[in-house]
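A.B. asks: Got a structure for you, questions after.
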Amino acid sequence: MAKVFCVANQKGGVGKTTTTVNLAAGLAKVGQRVLMIDLDPQGNATMGSGVDKRTLELTVYDVLLESSSIAEARVKAEKCGYDVLGSSRELSGAEVELVTMERREKRLQAAIATVAAEYDFVLIDCPPSLSMLTLNGLCAANGVIVPMQCEYFALEGLTDLVNTIKQVHANLNKDLQIIGLLRVMFDPRITLQQQVSEQLKAHFADKVFNTVIPRNVRLAEAPSYGLPGVVFDPAAKGSVAYVEFAQEMVDRIKA
């Protein structure tokens, strides 16, 4: 049965989408069956997996409105080795449409349940705001992976996210927990980043993943080629780190 993880952080620009697509590709590389769900109306995770969102006939929008199943709407990201439930601009309209609907925050959870046996991991790329879309992701997930830059303002954003997760855990999804914090865009030469990293480890202990993702130009270039860095340049430092992170995830789940 698939483990379902949201990649979430209410702060924008912290590498959520980069983490989602590279973790998906990394997990595929270490032999896992993966479904990547793009819940962000911008569709960056879809495009970054080599899938053209403009050509998709069915997307996560159709799944949330229950006019399609995941089995019908998913596509194979051929070069990446995982399946994609893509996003499109229509998804921003789903916010308004879902408000009046029954079970509005549980729709993604119900849809995933129909295909969960076919995958080892389901990864959900959430938008940066706490919206009805993010709430659907959090209600569907077993846990949250939080990509974080080791900067002062990132710590403030983390407090908001932890409070949100506690509220969802208490009211909507008893399974939800923080699986771990992933330090991304890390530059060991910057003293502040080292200090924040130490603070994270002191406060969150084993909730901080051992793997650290370094700041890496090849990871930043990869989306313009429509590929995760892990596929675009497997030898790059950032790509190697994401494959290590994928293996750490697998080991954590088995432990």
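The values are calculated or read from the model by the stated rules, or taken from the named source; none is laboratory data. Treat the numbers as computed from the prediction; the structure is a model and nothing was measured. Every residue, glycine among them, receives a Cβ derived from its backbone with ideal geometry; neighbour counts consider all protein chains shown.
A.B. asks: Mind listing whichever residues of segment 107-134 are of a type in the set (A, V, I, L, M), part of a helix (DSSP H, G or I) and at pLDDT 95 or above?
C.D. replies: Passing the criteria: L108, A110, A111, I112, A113, A116, A117.
A.B. asks: Here's something else I'd like to know. Looking at segment 183-201, I want the residues that are within 16 Å of P147 (Cα to Cα) and modelled with pLDDT under 90 and have a partner that is among the β-branched types (V, I, T) and part of a helix (DSSP H, G or I) with Cβ atoms under 8 Å, at least 6 apart or on another chain. Which pairs are those?
C.D. replies: The qualifying pairs do not exist here.
A.B. asks: Hey, E78 hits all of (1) farther than 20 Å from A116 by Cα; (2) surrounded by 19 or more Cβ atoms within 10 Å (Cβ to Cβ) but one; which does it fall short on?
C.D. replies: Evaluating E78 over (1) farther than 20 Å from A116 by Cα; (2) surrounded by 19 or more Cβ atoms within 10 Å (Cβ to Cβ) leaves (2) as the failure.
A.B. asks: Out of all the residues in segment 91-105, which are crowded, with 16+ Cβ neighbours inside 10 Å and in a loop (DSSP other than H, G, I, E, B)?
C.D. replies: R104, E105
A.B. asks: I need the full set of residues from segment 121-142 which are surrounded by fewer than 24 Cβ atoms within 10 Å (Cβ to Cβ), among the small types (G, A, S) and touching a helix residue (DSSP H, G or I) at 6+ places or on another chain (Cβ under 9 Å), in order please.
C.D. replies: S131, the sole residue that qualifies.
To keep it simple, each residue is scored yes or no on (1) among the hydroxyl-bearing types (S, T, Y); (2) out of contact with any Gly (no Cβ under 7 Å at 6 or more places or on another chain); (3) assigned to a helix (DSSP H, G or I).
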| position | (1), (2), (3) |
| --- | --- |
| L182 | no, yes, no |
| F204 | no, yes, yes |
| V230 | no, no, yes |
| F245 | no, no, yes |
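A.B. asks: Condition test on V162, is it buried (at least 21 other Cβ atoms within 10 Å of the Cβ), under 17 Å from the mean Cα position of the chain (by Cα) and not charged (D, E, K, R)?
C.D. replies: Criteria not met by V162.
A.B. asks: Could you check segment 22-69 and list, in sequence order, the residues that are more than 30 Å from E248 (Cβ to Cβ) and of a type in the set (D, E)?
C.D. replies: Passing the criteria: D52, E57, D62, E66.
A.B. asks: Could you list, ordered by first residue, the pairs with Cβ atoms under 9 Å in which the first is in segment 231-255 and buried (at least 16 other Cβ atoms within 10 Å of the Cβ) and the second is of a type in the set (D, E) and in a loop (DSSP other than H, G, I, E, B), at least 6 apart or interchain?
C.D. replies: S239/D233; V250/D120
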